[in-house]
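**Q** My questions will all concern the structure given below.
The values are calculated or read from the model by the stated rules, or taken from the named source; none is laboratory data. The structure displayed is predicted, hence computed values, not measured ones. Cβ atoms come from the backbone with ideal geometry, glycine included; neighbour counts cover every protein chain shown. Surface areas here come from the heavy atoms of the whole protein model, side chains and all, with no ligands, DNA or RNA. Shrake-Rupley method; radii C 1.70, N 1.55, O 1.52, S 1.80 Å.
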Amino acid sequence: MQELVFSQFKQGYRYNSDSLLLFDFVLKQKPKGRLLDMGCGCGIIGLMLKAFVPQIKLVLLDILEQNCALARKNAEQNELEAKISCVDFKEFTQRQAFDVIVSNPPFYSSKALRSQDEHKNIAKFQDSLSLKDFIHQASLALKPQGKLYFCYESLALAEIVQRLSEFKLSLSQIQSVHKSKDDKARLLLIEARKGSKAPCAFLAPFFMYENALLSPQMKALQANIRIKSDDI
C-alpha cells in the first residue's frame, strides 16, 4: 500500500495509538458498504480504511470546522474519495443509513484534568458527546444488522452494555487492550450489531508491550501500515 500522509495540528488533539488499534480491529472484520467515521478528527481511521478497502463509500463527520478542513485536505492529498460532513453528531440526519459506523469517541470523565486547549477537550471529554447520546445516534444512523465499532475506556464496560441494549444494539465482539500482560485492560475495542441476537465473542487480549519492547501484535500492526505525519 502507498504511504499515506496525514496533516494534523501541531497544537491540539492528535491521533494516537487508539486510532491505529481501532483501525486494525475494524479492518480485520472486512467492512463494506456505506461507512461513517464519526468524530473523524484529521480523518485517519476512515481514510486508512478507504485506502485498504476502496469499495467502501466513506463519510467523515466532525463537529469542528477546523477538523473537517483537515480531513478534507488529507482526503485530497492521499487521493481518497470521501464526503465531509461538519455537524454535531447529536443533530446528524441522513436519508440513507450506514452499514458501518466507526468512532473513537470522547470518553474522559468531566472530573479528569482538563487541558487549556479547547480543541483537545472537545475530542477527549464526554461533555461534548455522552456515551448515551453517542450510542443512541449511532443506532438511529445504522441499517438493520449494521455494525458499530468504537473504542472506550475499560471501566465503562457495564454502562456500554446497558446503553447498547437500551438502543437495540448488541455486543458482538470485544477485545481488551493492555499495556503489557501484567497490566489491567485500559481500553476496549467494541463491535456491536443492530438488531442481532448472535452471541458475543471475546477475542484474545491485545498487549502493546512485551518485556518493555513493542509486542509482536503491535509490530504486526505497524508493519501493515505506512503513514507519515505532517504537522501544521
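**Q** Looking at Ser165 and the list (1) more than 28 Å from Asn74 (Cα to Cα); (2) at pLDDT below 95, which single condition is not satisfied?
**A** With respect to (1) more than 28 Å from Asn74 (Cα to Cα); (2) at pLDDT below 95, Ser165 is out only on (2).
**Q** Which residue pairs have Cβ atoms closer than 7 Å, lie 6 or more positions apart in sequence or on different chains, and pair a first residue in the stretch 202-221 that is open to solvent by less than 70 Å² (accessible area, probe 1.4 Å) with a second residue that is basic (Lys, Arg)?
**A** From the stretch 202-221, the pairs are Phe207/Lys181; Met208/Lys179.
**Q** Find all pairs meeting these conditions: Cβ atoms under 8 angstrom apart; at least six residues apart or on different chains; first residue within the stretch 5-21 and open to solvent by 10 Å² or more (accessible area, probe 1.4 Å); second residue modelled with pLDDT of 90 or more and among the charged types (D, E, K, R).
**A** Pairs that qualify, where the first residue is open to solvent by 10 Å² or more (accessible area, probe 1.4 Å) and the partner is modelled with pLDDT of 90 or more and among the charged types (D, E, K, R), are Val5/Lys228.
**Q** Do the conditions hold for Ser180, that is, is it open to solvent by less than 80 Å² (accessible area, probe 1.4 Å), more than 16 Å from Ser103 (Cβ to Cβ) and over 16 Å from the mean Cα position of the chain (by Cα)?
**A** yes
**Q** Looking at (1) closer than 26 Å to Leu140 by Cα; (2) open to solvent by 50 Å² or more (accessible area, probe 1.4 Å); (3) within 12 Å of the chain's Cα centre (by Cα), can you tell me which one Gln94 breaks?
**A** It is condition (3) that Gln94 fails.
**Q** A follow-up question, please. Within the stretch 18-55, how many residues are in a helix (DSSP H, G or I) and touching a Leu at 6+ places or on another chain (Cβ under 9 Å)?
**A** Matching residues across the stretch 18-55 total 18.
**Q** I've got another one for you. Does at least one position in the stretch 98-117 carry a residue that is more than 22 Å from Phe23 (Cβ to Cβ), of a type in the set (Asp, Glu) and either at pLDDT 95 or above or open to solvent by less than 30 Å² (accessible area, probe 1.4 Å) (or both)?
**A** Scanning the stretch 98-117, I find no residue that is more than 22 Å from Phe23 (Cβ to Cβ), of a type in the set (Asp, Glu) and either at pLDDT 95 or above or open to solvent by less than 30 Å² (accessible area, probe 1.4 Å) (or both), so the answer is no.
**Q** Just to be sure before I move on: is Gln77 over 15 Å from Cys40 (Cα atoms) and surrounded by fewer than 13 Cβ atoms within 10 Å (Cβ to Cβ) in the structure I sent?
**A** Judged against the criteria, Gln77 is not a match.
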